[in-house]
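Contents: one structure, followed by commentary.
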Amino acid sequence: MKQILTILLVILFSTGTSCFAQEVIVPLNHYPPWRIINNRQISGINIELTDALLQKINLKATYVVRPWKRAQWMMKKGTADLMSGLLNHNERKEYMEFLEPPYKTESSKAFYILKGSTTKITCYEDLYRYRIGVTLGTKFFPKFDHDAELKKDMGKDASNNFQKLEAGRIDTFILTETVGDYLIHKLGYQDKVKKADYVYSKPLAVYFAVSKKSPLAERVPELNTVLKKMVESGEMKKTIDRFLTNLN
């Protein structure tokens with residue numbers, strides 16, 4: 001009997017996955033409609049996508065709310081396992097393994113201004129004249145991210161930039177277009193804030209990534225296989241489209 005028990009324990013602990021879903025630490029911030037935090041309730045597009053991806057390989061996400069910059073620091077230190085909503089930048093590749101393929105290939109970036117103001121942004125070059133609100137730790141598109149000539153004002157989160165714009169501390173701010181349009185209505189700025197004419201809408205890949213210091217890094221090939229099937233089957237796009245359609 002003792003020998004049988006020993007054999008069963010060896011089998012259990014030597015198996016890559018058990019009958020219990022393993023937990024994966026996923027840090028996130030409030031970035032609706034992609035990541036929504038409301039009275040400790042977490043929801044949004046990226047939450048559904050992350051849950052669907054992990055469940056297919058018997059894993060379970062444990063979400064922790066952190067500022068976006070802090071979330072990336074956790075990935076660097078290995079105290080977090082997985083993030084979504086990331087652009088693939090070289091500095092991030094030093095400590096993150098980006099899953100392939102990207103789950104989204106379009107991510108328009110818009111600039112928001114006060115209605116009735118003299119601020120006018122019809123092309124990229126107009127940006128040099130203004131103070132631009134930027135969310136700390138967020139990447140938008142390569143030219144903008146690396147342009148040291150722009151006057152960027154770092155803010156703690158997306159919602160904070162609406163307040164700074166209204167107070168006259170910045171002239172405009174940049175956000176992912178779906179996020180900005182959502183927050184205008186959610187925060188009640190329909191009569192105060194509008195989208196500038198210039199919108200960056202070139203193809204822009206958005207990824208999941210795993211911390212290179214996480215045990216989950218050993219399962220990147222498996223995650224890539226599952227993710228590829230989800231993208232090619234249209235499962236990812238259906239989830240995204242369902243959320244965005246319901247917002248209109």
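The values are calculated or read from the model by the stated rules, or taken from the named source; none is laboratory data. What you see is a predicted model; the values in this text were computed from it and never measured. Cβ atoms come from the backbone with ideal geometry, glycine included; neighbour counts cover every protein chain shown. Surface areas here come from the heavy atoms of the whole protein model, side chains and all, with no ligands, DNA or RNA. Shrake-Rupley method; radii C 1.70, N 1.55, O 1.52, S 1.80 Å.
Within the accessible area of region 110-248, what % is carbon and sulfur when the probe is 1.4 Å and the other protein chains stay in place?
Working: 3670 of 7280 Å².
Whole-percent figure for carbon plus sulfur exposure: 50.
Taking H placed 1.01 Å from N in the peptide plane, check which residues at least 5 places from Y31 or on another chain put their amide H under 5 Å from its amide H.
For Y31, whose amide H was placed from the backbone, the distant partners under 5 Å are I36, I37.
Roll a 1.4 Å probe over the protein chains and send me the accessible area per residue for region 48-176 in Å².
46
Suppose every Lys and Arg Cβ carries +1 and every Asp and Glu Cβ carries -1, with no other charges. What dipole size does region 82-156 come out with about its Cα centre, to the nearest 20 debye?
440
What is the dipole size for the chain, taken about its Cα centre, with +1 at each Lys and Arg Cβ and -1 at each Asp and Glu Cβ, in debye to the nearest 20?
Approximately 480 debye in magnitude.
Please report the antiparallel percentage of the DSSP beta bridges confined to the chain, to the nearest 5.
60
Which whole-number percent is the relative contact order of the chain (Cα, under 8 Å, 6+ apart)?
29
From the phi angles alone, apply the Karplus equation (6.51, -1.76, 1.60; θ = phi - 60°) to region 149-154 and give each ³J(HN,Hα) in whole Hz, x where the residue is Gly or Pro.
Each residue's phi maps through the Karplus curve to give 7, 6, 8, 9, 10, 6 Hz.
Would you work out which of I170, Y124, S84 lies farthest towards the positive end of the dipole of region 39-189, given +1 charges on the beta-carbon of Lys and Arg and -1 on that of Asp and Glu, about the Cα centre?
I170
Once every DSSP H run of n ≥ 4 in the chain is given -39500 (n - 2.57) and the sum is divided by its residues, what mean residue ellipticity at 222 nm do you get, rounded to the nearest 500 deg cm²/dmol?
Here the helix-only value at 222 nm equals -10000 deg cm²/dmol.
Give or take rounding to whole Å, what are the principal axis extents of the alpha carbon atoms in region 177-248, in descending order?
That gives 50, 29, 24 Å along the principal axes, largest extent first.
When DSSP beta bridges are limited to those with both residues in region 20-153, what percentage is antiparallel, rounded to the nearest 5?
Roughly 30 percent of the beta bridges in region 20-153 run antiparallel, per DSSP.
Quick one: what are the phi-derived ³J(HN,Hα) couplings along region 198-203, Karplus 6.51/-1.76/1.60 with θ = phi - 60°, whole Hz, x for glycine and proline?
Whole-Hz 3J(HN,Hα) from phi for region 198-203: 7, 10, 7, 10, 6, x.
Out of residues 5 or more away from V64 or on other chains, whose amide H comes under 5 Å of its own, with H placed 1.01 Å from N in the peptide plane?
When sequence neighbours closer than 5 places are left aside, the close amide H contacts are V26, L28.
Testing the spin-label approximation: label points 7 Å from Cα along Cα→Cβ at N58 and K212. State their distance in nm.
Between N58 and K212, the label points sit 3.0 nm apart.
What is the set of long-range amide H partners of D153 at a cut-off below 5 Å, with H atoms built 1.01 Å from backbone N?
Amide H to amide H, under 5 Å and 5 or more residues apart or across chains, D153 pairs with I132, G133, V134.
Among the aspartates and glutamates, which fall within straight-line cross-link reach of K229, defined as a Cα-Cα distance under 13 Å, with same-chain neighbours fewer than 8 residues apart omitted?
Within the straight-line cut-off, K229 pairs with E100.
Within region 41-128, what is the number of lysine pairs with alpha carbons under 27 Å apart, leaving out pairs fewer than eight places apart on the same chain?
Counting lysine pairs in region 41-128 gives 21.
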